[in-house]
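J.: After the structure tokens below, expect a handful of questions from me.
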Amino acid sequence: MDFSLTEEQTILQDSARRMVEQEIMPILKANDPDRPLPKSAMLQVYAVFAREGLTAPRLPQEDGGSGMKMLDYGLVFEQLPPAMAISLLSHECTIARIHADSSEAQKAKFLPDLLAGRKICCTGTTEPDTGSDPRGVRARVVEKDDALVINGRKMWITNGTASDIMIATCSAGEGPKGNIMRRVVVERDVSPYEALEISSLGLRQGHLSEILFNDCRVPKENALGQGGDAARILTLTWNGNRPLVGLAAVHLGQKSLDAAIEYSKVRKQFGGYIGAKQLIQERIADIAADVMASRLLCYHALDTIDKGGRANGTSAMAKRFATTACERAVSLAMHVHGAMGISREAGLEQLYRDVRMLPIPDGTNEVLTLITGRDLIGLDAIRA
Ligand SMILES: Cc1cc2nc3c(=O)[nH]c(=O)nc-3n(C[C@H](O)[C@H](O)[C@H](O)COP(=O)(O)OP(=O)(O)OC[C@H]3O[C@@H](n4cnc5c(N)ncnc54)[C@H](O)[C@@H]3O)c2cc1C
């Protein structure tokens, strides 16, 4: 067992840090920190992602992707500012979902602009009455003449307001095995849908949206795969997504650790640096342990995927642990800062708001607990 990064991985991580510092942060800093980035700024960020092969890390090189190992992608992903990391995750895993089980004609039609970062995409599954159990989707797709017609509402869709293309997870009616879920690619310029911004606690430069389909007519050839395959395709990507979301939490936890260490060495109380007080050292040691354990679990889950192992339970464990531990880490770092911890000036309140967003997408903590439990025990409590 080797816990050190290879030379190539260290170079990859360093160059990701430089890319963030030199190219992405200036775009974020030039815009309102509390508002979704304008589309033009999003496209600037996506041009950088595309150049670095991050718009399709999971696609093989022969299909225009970068064919990265998931662990290597995770090392880069951990360096990204989380609002952009979660946007990228939505985009690139939608690309992976379009790529899965689609025809050559569909790949040629949808993928080039998405891979080049000229268009932004998203996946819409969640609805007002359908969250953790995606099999309950009600957005209805019916065939009419030469088109598919979609009616329904999607909620909490990452990238929605900025999107040009969306995979809508729809219901094609009831079959012998229940709801027939169908994946349909909706191109906004051909089949307009309404997208409304949802104002939320954190990740505010990202786009979290409600989508409305009102008799939205989509060409028939935009239906992907086979009716009924949507749950399988969603699950394929979720196992990879979960440790990545965990690494977005690690990014925030690491920032809070760096800030706590720095502050403890300059803030004096009772005649000495607070960093020399034993209880402050305990808090900082706890933060460091939370961040390190989270990072290692997420790396382990991604490495398991790379090695072709079963990752359902491990990926769920990694995300649940990392989002919980890093939320605790950020909160502890705020304690180390006293009143400064809650000020906007110190920046920790933004880390706190951002990290609180992460336990929800790609499986809530409760659902992830039950996925890990099912893997360990072999009995399903999710639908019990
Ligand atoms: C930042 C962010 C980004 C998102 N991006 C997207 C996106 O791009 N596309 C998309 O389709 N959706 C997206 N979502 C939506 C997300 O997938 C859902 O919010 C999530 O699946 C939970 O659904 P819900 O909010 O309706 O909660 P519910 O499913 O209603 O759950 C409510 C509570 O009940 C618990 N619960 C549910 N079932 C069980 C069970 N069997 N046992 C025990 N407890 C249970 C949950 O854990 C939760 O605590 C995003 C959400 C957020 C916050």
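The values are calculated or read from the model by the stated rules, or taken from the named source; none is laboratory data. All figures in this text were calculated on a predicted structure; none of them were measured in a lab. With ideal geometry, Cβ positions are generated from the backbone for all residues, glycine too; neighbour counts draw on all protein chains shown. Surface accessibility is based on the protein's heavy atoms, side chains included, excluding ligands, DNA and RNA. Shrake-Rupley method; radii C 1.70, N 1.55, O 1.52, S 1.80 Å.
J.: Would region 353-370 turn up any residue that is away from the ligand (no atom under 16 Å from the Cβ) and either part of a helix (DSSP H, G or I) or at pLDDT 95 or above (or both)?
T.: The answer is no, given that none of the residues of region 353-370 is away from the ligand (no atom under 16 Å from the Cβ) and either part of a helix (DSSP H, G or I) or at pLDDT 95 or above (or both).
J.: Let me ask something else about it. Within region 105-120, track down each residue that is closer than 26 Å to Ala85 by Cβ, part of a helix (DSSP H, G or I) and open to solvent by 60 Å² or more (accessible area, probe 1.4 Å).
T.: Hit for region 105-120 is Pro112, nothing else.
J.: Something else about it: Just to be sure I understand, how many residues within region 118-160 are closer than 24 Å to Lys39 by Cα and more than 6 Å from the ligand (Cβ to nearest atom)?
T.: Looking only at that region, the number is 9.
J.: Would you be able to tell me the number of residues in region 167-204 that are hydroxyl-bearing (Ser, Thr, Tyr), in contact with a Pro (Cβ under 7 Å, 6 or more places away or on another chain) and in a loop (DSSP other than H, G, I, E, B)?
T.: 0
J.: With respect to the numbered conditions (1) charged (D, E, K, R); (2) in contact with a His (Cβ under 8 Å, 6 or more places away or on another chain); (3) open to solvent by less than 20 Å² (accessible area, probe 1.4 Å), which one is the sole condition not fulfilled by Glu127?
T.: Failed condition: (2).
J.: Let me ask something additional. Which ones in region 187-206 are of a type outside the set (D, E, K, R) and open to solvent by 70 Å² or more (accessible area, probe 1.4 Å)?
T.: Correct list: Val190, Pro192, Ser199, Leu201.
J.: Just one of the numbered conditions (1) of a type in the set (D, E, K, R); (2) open to solvent by less than 20 Å² (accessible area, probe 1.4 Å); (3) touching a helix residue (DSSP H, G or I) at 6+ places or on another chain (Cβ under 9 Å) is not true of Asp229; which one?
T.: (3)
J.: Here's something else I'd like to know. Check whether at least one residue in region 154-162 is surrounded by fewer than 17 Cβ atoms within 10 Å (Cβ to Cβ) and not in a strand (DSSP E or B), and report yes or no.
T.: No, region 154-162 contains no residue that is surrounded by fewer than 17 Cβ atoms within 10 Å (Cβ to Cβ) and not in a strand (DSSP E or B).
J.: If we keep just the residues of region 25-82 that are part of a helix (DSSP H, G or I) and in contact with an Asp or Glu (Cβ under 7 Å, 6 or more places away or on another chain), which is surrounded by the most Cβ atoms within 10 Å (Cβ to Cβ)?
T.: Pro82
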